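In what follows, a structure is listed as structure tokens, so that the remarks can point back to it.
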Amino acid sequence: NMELIEKLQAQPASQSCRLIDFDKADLRTEEGGKRMFLVVSGEKPTVSMRVELRPLYYVMQPDYWGVEVVGCVSGIVLPAVAPYAEALDVTHTMGKKGIEVLGANKTVTLNK
């Protein structure tokens, strides 16, 4: 299984997805307090971009779980900047101390 993961990581990266900039990142707890969400917002370079928050994979729980802010473009690229706000349930992908948000412009550490 580890061999497959290493083989996959050695493959060339897709040109349609990459890390993008973000302005704000917050951890929010659901009202009942059972689930925790990462909320990231900013501006995407094109309205036709899909923004995803992608947790990294770890063998053991890290102090800060990395989550990448990724923008994917498929089809027509429209030349218009647009705001975005994405939420991700990080209840089961939480580091011992919190979350590390990885964007193109910066990395932000959030304590739980």
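A few notes on this one:
Condition check ((1) assigned to a strand (DSSP E or B); (2) small (Gly, Ala, Ser); (3) touching a Lys or Arg at 6+ places or on another chain (Cβ under 6 Å); (4) loosely packed, with under 10 Cβ neighbours inside 10 Å) across all residues:
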{"position": "VAL69", "(1), (2), (3), (4)": "yes, no, no, no"}
{"position": "CYS72", "(1), (2), (3), (4)": "yes, no, yes, no"}
{"position": "LEU78", "(1), (2), (3), (4)": "no, no, no, no"}
{"position": "ALA85", "(1), (2), (3), (4)": "yes, yes, no, no"}
{"position": "THR91", "(1), (2), (3), (4)": "no, no, yes, no"}
{"position": "GLY95", "(1), (2), (3), (4)": "no, yes, no, no"}
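- Among the residues of region 18-30, not a single one is over 14 Å from ALA87 (Cβ atoms) and exposed (fewer than 11 other Cβ atoms within 10 Å of the Cβ).
- All positions within region 41-67 that are touching a Leu at 6+ places or on another chain (Cβ under 6 Å), among the hydrophobic types (A, V, I, L, M, F, W, C) and not in a loop (DSSP other than H, G, I, E, B): LEU53, VAL67
- Residue within region 61-69 that is within 14 Å of the chain's Cα centre (by Cα) and either among the basic types (Lys, Arg) or more than 18 Å from ASN111 (Cβ to Cβ) (or both) present: yes
- Condition check for LEU27: within 21 Å of TYR64 (Cβ to Cβ) and either at pLDDT 85 or above or aliphatic (A, V, I, L, M) (or both): yes
The values are calculated or read from the model by the stated rules, or taken from the named source; none is laboratory data. Just so we're clear, the structure is a prediction, and the values are computed from it rather than from any experiment. All Cβ positions, even for glycine, are placed from backbone atoms using ideal geometry, and neighbour counts span all protein chains on display.
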